[in-house]
Amino acid sequence: DVKVTQSSRYLVKRTGEKVFLECVQDMDHENMFWYRQDPGLGLRLIYFSYDVKMKEKGDIPEGYSVSREKKERFSLILESASTNQTSMYLCASGLPGAGNTIYFGEGSWLTVV
Amino acid sequence: LAKTTQPISMDSYEGQEVNITCSHNNIATNDYITWYQQFPSQGPRFIIQGYKTKVTNEVASLFIPADRKSSTLSLPRVSLSDTAVYYCLVVDAGNNRKLIWGLGTSLAVNP
């Protein structure tokens, strides 16, 4: 089974803190994604990466950055957390051209106070 | 840009067949239409995908008409454990092959 592991399930951070959300996949997938999920807004793409050190902005990249130094690891960084970034963050991975079969982690619930 | 529309919520009873339809336009002609299921506090998981006509697996069936402007996820004989949010996922017809998610249909299965 494909496994996408997000390092933290629940985090509480203070406004202005730098926050790192880590994601690791074990299937040698080229593509990795970070989504944000909020009630009524569905899944919104923050960033995705199609190869090591490559990244593309998604629909809502403002306030976020990403890092992909190794193929299996994709990190989401909140440079200066704000209360409007309180949300559920989902990491996913998949193969290019494999239909739309992507695999998600369990999610990270971030609360910024 | 491709656009998807699916009902916000649906109610059903155990043992019934449930059909959830997603309307989509401007989707890529050579890509799959995919459905995902999400339980509370978990990430979405793949259920089924198809290109056209009908696809069936051990969990669900997927019906896609020839014009591919919609797709219908069919869950046979639902149980309480099928209570979840169901998302359709399509690929935009543009060159960047952007993934377009529906907003999800919250299915409640009642005893």
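Return the value, in Å² to the nearest 100, of accessible area buried between chains B and A (probe 1.4 Å, both sides summed).
Looking at B and A, the buried total is near 1500 Å².
Can you compute 3J(HN,Hα) from phi for each residue in region B:8-23, using the Karplus curve 6.51 cos²θ - 1.76 cosθ + 1.60 with θ = phi - 60°, rounded to whole Hz and x for Gly and Pro?
Per-residue couplings from phi come out as 5, 8, 8, 10, 8, 10, 3, x, 7, 8, 10, 10, 10, 10, 10, 8 Hz.
Leaving out ligands and nucleic acids, and using a 1.4 Å probe, what accessible area per residue does the protein assembly as shown come to in Å²?
It amounts to 50 Å² per residue over the protein assembly as shown.
Check B:Ser70: other-chain or 5+ apart residues with amide H under 5 Å from its amide H, H built from backbone geometry?
B:His24
Around A:Lys13, which amide H atoms from residues at least 5 apart in sequence, or from another chain, sit under 5 Å from its own amide H, with H modelled in the peptide plane?
Result for A:Lys13 returns A:Thr111, A:Val112, A:Val113.
What is the dipole size for region A:4-112, taken about its Cα centre, with +1 at each Lys and Arg Cβ and -1 at each Asp and Glu Cβ, in debye to the nearest 20?
Rounded to the nearest 20 debye, it is 240 debye.
HN-Hα J couplings of region A:25-41 from phi, Karplus 6.51/-1.76/1.60, θ = phi - 60°, integer Hz, Gly and Pro as x?
10, 10, 10, 6, 6, 6, 8, 9, 9, 10, 10, 10, 10, 10, x, x, 10
Taking a probe of 1.4 angstrom, what is the accessible area of A:Trp109 in Å², to the nearest 10?
So the heavy atoms of A:Trp109 present about 100 Å² to solvent.
Per-residue mean of other chain beta-carbon atoms within 10 angstrom of the beta-carbon, peptide A:42-48?
4
Would you pull out the residues with amide H under 5 Å of B:Lys98's amide H, same chain only if 5 or more places away, H placed 1.01 Å from N?
The answer is B:Asp92.
Could you give the Stokes-Einstein D for region A:4-112 in µm² per second, using the C-alpha Kirkwood radius, 4 °C, 1.567 mPa s?
94 µm²/s
Ignoring ligands, DNA and RNA, what percent of the 1.4 Å accessible area of chain A is carbon and sulfur? Display every interim value, and only then the final one.
Values: 2850 of 5510 Å².
Result for chain A: 52 percent of the exposed heavy-atom area is carbon or sulfur.
Taking each residue in B:45-58, count the Cβ atoms of any other chain within 10 Å of its Cβ, then average. What number comes out?
Whole-number average of other-chain Cβ neighbours for B:45-58 is 1.
Rounded if a/c is under 1.5, else prolate if a/b beats b/c, else oblate: with a ≥ b ≥ c from the C-alpha gyration tensor eigenvalues square-rooted, which is region B:3-110?
Details: a/c = 2.06, a/b = 1.62, b/c = 1.27.
The shape class here is prolate.
Of the DSSP beta bridges with both residues in the protein assembly as shown, give the percent that are antiparallel, rounding to the nearest 5. Write out the running numbers ahead of the final one.
Working: 67 of 76 bridges.
If we restrict to bridges inside the protein assembly as shown, about 90 percent are antiparallel.
For region A:13-22, take each phi angle, set θ = phi - 60°, evaluate the Karplus expression 6.51 cos²θ - 1.76 cosθ + 1.60, and give the result in whole Hz per residue in order, putting x for glycine and proline.
Per residue, the Karplus-derived 3J(HN,Hα) values read 10, 8, 3, x, 6, 8, 10, 10, 10, 9 Hz.
So, in Å, what gap is there between the alpha-carbon centers of region B:17-33 and region A:28-91?
The distance from the Cα centre of region B:17-33 to that of region A:28-91 comes to 25 Å.
For the charge dipole of the protein assembly as shown, defined by +1 on Lys and Arg C-beta atoms and -1 on Asp and Glu C-beta atoms about the Cα centroid, which residue among B:Leu99, B:Tyr32, A:Gly107 has the Cα displaced farthest towards the positive pole?
Result: B:Leu99, furthest along the dipole toward the positive end.
The values are calculated or read from the model by the stated rules, or taken from the named source; none is laboratory data. From a predicted model like this one, the values you see are computed outputs, not experimental measurements. Note that each Cβ is placed from the backbone with ideal geometry, even for glycine, and that neighbours are counted across all protein chains shown. Accessible surface is based on the protein model in full, side chains and every heavy atom, while ligands, DNA and RNA are left aside. Shrake-Rupley method; radii C 1.70, N 1.55, O 1.52, S 1.80 Å.
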